[in-house]
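Each remark here refers to the structure printed beneath this line.
The values are calculated or read from the model by the stated rules, or taken from the named source; none is laboratory data. Remember, it's a predicted structure, so these values are computed and weren't measured experimentally. Cβ placement follows ideal geometry from the backbone for every residue including glycine, while neighbour counts extend to all protein chains displayed.
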Amino acid sequence: MAAEARRPRARPPLSIAVVRTAEGWHVQRGAEAFPVEAELPSTAALVTDGLGAVRAAASAKVGGVPVDSLSFLSPITTPCRVVAQAVNYRGHARESGFGEDPPAVFFRKSSGSISGPTDDVLRPAHVRLLDYEIELGLVIRRGPVAGTTVGDADLPDHVAGLVMCNDISARDVQLTKGQFYESKSYPTFTPTGPRLILLEADDFARLPGLRLRLWVNGELRQDGTAADVITGPAAALSMLASFQRLDPGDLVLTGTPGGTALQAPPAVVAKVGDLLLPTPLKWRAFFSRQERNPAYLKAGDMITASIASEDGALDLGSQRTMVRDAAG
């Protein structure tokens, strides 16, 4: 017992919360934010050349400003690559009609869709079925070399940190055109931030405990943990290494829990529709049902979202975005 009492305690994980404003980068500690004293024009520069300055700000004793006095920008600067995983939570796979174990599917979004954590989401005039998808984003430190197999122990070499994103989707564009890129790439369709959580190696074990929640007008729509992920970060990076280059500051979205507005039609109804209805009529019937679904976003809706571990050790902050109709 005495020897056990003398055993040193394990060092707790030491994640650092970084936020970005028009004036530059800050490290957030509680209700204060401390400026990062370095010229870091991009997220790539932050995660490669700026970590010394970030750690200095994290240990600063004076010079902090109230967090409430800051206006946050996305901590992901553009241009960058945005790669996303489709149907990567079991709950979302079930409700979307893909079963329990769908194959890994990746798609790209334009980084021009990235917006800040409090910016309005602008619905294009032709979009009728606007949906939400809260997602955990991986910020790349160094992309894996082509052909690399990434293990869980290798993640700190490749992933610098985490951000919260909302993968806004124009479902009518996505489904009629089979077009992920267009349907998810309109300006403001990726609210991101407020915090970029830079991770220490020990922090990666906490990722499955992260809880993702999204509300629309105060109603909880999505609530799940990253333990429900089908293809985890290491496996996803291994797959991407076979065909997609990733550089520092790039963003990988890891999928969304169940609870989106889009739901698969009942299996019997879908099968009868396939047999009896020509394709144009089938889509018309499907969209007619979807347009009666009040869960889709409309102008004036307020979306709030959060991602955090239950103990608060990892907390990506909160988003608050209003849906508005785009001008013109």
Worksheet item: For the range 155-229, which fully contained strands (runs of 3 or more DSSP E) count at least 2 residues that are surrounded by 24 or more Cβ atoms within 10 Å (Cβ to Cβ)?
Response: 159-166, 196-198, 210-216
Worksheet item: From Ser42, Ser115, which residue is more than 23 Å from Pro208 (Cβ to Cβ), touching a residue at least 40 places away in the same chain (Cβ under 8 Å) and in the same structural domain as Gln319 (by TED's automatic domain parsing)?
Response: Ser115
Discussion item. Checking the structure you have, find out if any residue of the range 206-223 is farther than 19 Å from Cys80 by Cα, modelled with pLDDT of 95 or more and among the small types (Gly, Ala, Ser).
Written reply: yes
Worksheet item: In the range 295-305, is there at least one residue being over 15 Å from Leu130 (Cα atoms) and modelled with pLDDT of 95 or more?
Response: yes
Fill in: Residue match in the range 238-252 (condition: surrounded by fewer than 19 Cβ atoms within 10 Å (Cβ to Cβ), among the hydrophobic types (A, V, I, L, M, F, W, C) and either touching a helix residue (DSSP H, G or I) at 6+ places or on another chain (Cβ under 8 Å) or within 25 Å of Met302 (Cα to Cα) (or both))
no
Response to the item:
Filter the range 7-21 for residues that are among the small types (Gly, Ala, Ser) and part of a loop (DSSP other than H, G, I, E, B); the one that is modelled with the lowest pLDDT is Ala10
Practice prompt. Residues that are β-branched (Val, Ile, Thr), touching a strand residue (DSSP E or B) at 6+ places or on another chain (Cβ under 7 Å) and crowded, with 17+ Cβ neighbours inside 10 Å: find the helices (runs of 4 or more DSSP H) completely inside the range 22-133 holding 1 or more of those.
Written response: 43-49, 51-58
Worksheet item: Which pairs have Cβ atoms under 7 Å, sit 6 or more apart or on different chains, and link a residue in the range 93-107 that is more than 19 Å from Gln179 (Cβ to Cβ) to one that is modelled with pLDDT of 90 or more and in a strand (DSSP E or B)?
Response: Ala104/Gln85
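Answer with yes or no whether Leu262 is surrounded by fewer than 17 Cβ atoms within 10 Å (Cβ to Cβ), at pLDDT below 95 and touching a helix residue (DSSP H, G or I) at 6+ places or on another chain (Cβ under 9 Å).
No: the conditions fail for Leu262.
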